[in-house]
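Where a number appears in this text, it was derived from the coordinates with a stated rule and is not lab data. Since this is a predicted model, take the numbers as computed values, not measurements. All Cβ positions, even for glycine, are placed from backbone atoms using ideal geometry, and neighbour counts span all protein chains on display.
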Amino acid sequence: MTEWIRAEVHFASLYSYRVPNTSPSFALASPVPSPSAVRLALVDAAIQHSGSVAAGDAVFELVKEAPLLLVPPERVCVVRALVRRLKPPKEKDKPLERPPGIREYCHPKGPLEIYIQLEDETERVAELFRRLRRLGTTDSLAHCSAEMVDAPAEDLACRPLDGVPGHLDNFDRRMIVSLLELPLGATFDDVNPYSATPRGFKYRQQFWVLPLVRTQRGQNWTLYERAPFVSARGSP
């Protein structure tokens with residue numbers, strides 16, 4: 001019998017999950033992490049808690065292809081900030097370089113919700129969610145809770161571009177971001193950070209449509225509010 005786990009991620013302050021393959025000097029942020037980042041965060045939590053790489057391997061097999069839904073916070077303000085980045089010097093015995101760059105940060109109202117469906121060991125995975133302390137960069141500190149729930153409503157969940165009904169309201173002023181997912185047939189050796197062999201691993205990159213509609217915009221900020229997707233006939 002399968003069960004759904006619902007995890008709530010409460011960020012301590014602003015958070016920043018850099019859109020994959022964007023430049024560190026102009027880092028765009030996504031209000032939700034990549035599905036692969038969630039799966040691997042659970043694997044990392046298992047390894048860190050147990051001190052055993054084998055525990056991470058077992059959790060990877062549980063979550064690598066499990067159905068997973070991401071529901072963004074009720075409201076998100078995305079802010080662009082000018083920052084100084086520390087870089088190694090081009091010459092030896094020189095101080096660290098501090099070139100300027102742009103980084104986006106998300107200011108959420110309400111938690112990020114994550115749903116994952118498993119056939120067994122749901123309580124074990126729920127406990128790993130509760131041990132998560134960040135998603136994304138080290139400045140994205142968070143607290144996470146988890147519980148078992150019935151099947152979630154999917155009209156507020158992020159969707160791959162090819163899975164969105166072709167209704168105009170599903171694209172007008174909505175955020176579209178590029179996120180990563182594990183490829184089919186991925187193994188733990190492909191992602192094991194403690195492996196002695198080179199991985200050469202390629203994630204699946206997909207465009208996702210977020211249930212966030214742009215409502216206001218300023219010079220260096222944009223406000224989004226959550227709105228459900230609608231069917232091709234026009235109803236949620």
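Taking 32 Å as the limit for the C-alpha separation, the pairs Lys109/Lys202; Lys90/Lys202; Lys94/Lys202 exceed it in the case of Lys109/Lys202; Lys94/Lys202. Starting from the Cα gyration tensor of the range 70-131, take the square roots of the eigenvalues, sort them a ≥ b ≥ c, and report rounded, prolate or oblate (rounded when a/c is under 1.5, otherwise prolate if a/b is larger than b/c, else oblate). Because a/c hits 1.5 or more and a/b fails to exceed b/c, the range 70-131 counts as oblate. Remark: the chain is approximated by an ellipsoid whose semi-axes, taken from the C-alpha gyration tensor as √(5λ), come to 28, 27, 16 Å, largest first.
Between Lys94 and Asn220, residue separation times 0.36 nm minus the direct Cα-Cα distance comes to 42.0 nm.
As a rough guide to protection, the peptides 103-114, 47-58 ranked by mean Cβ packing within 10 Å, highest first, stand as 103-114, 47-58.
From most to least packed by mean Cβ count within 10 Å, the peptides 62-73, 32-43, 85-96 give 32-43, 62-73, 85-96. Backbone amide hydrogens, once placed in the peptide plane, bring Arg174 within less than 5 Å of Arg214, excluding anything fewer than 5 places away on its chain.
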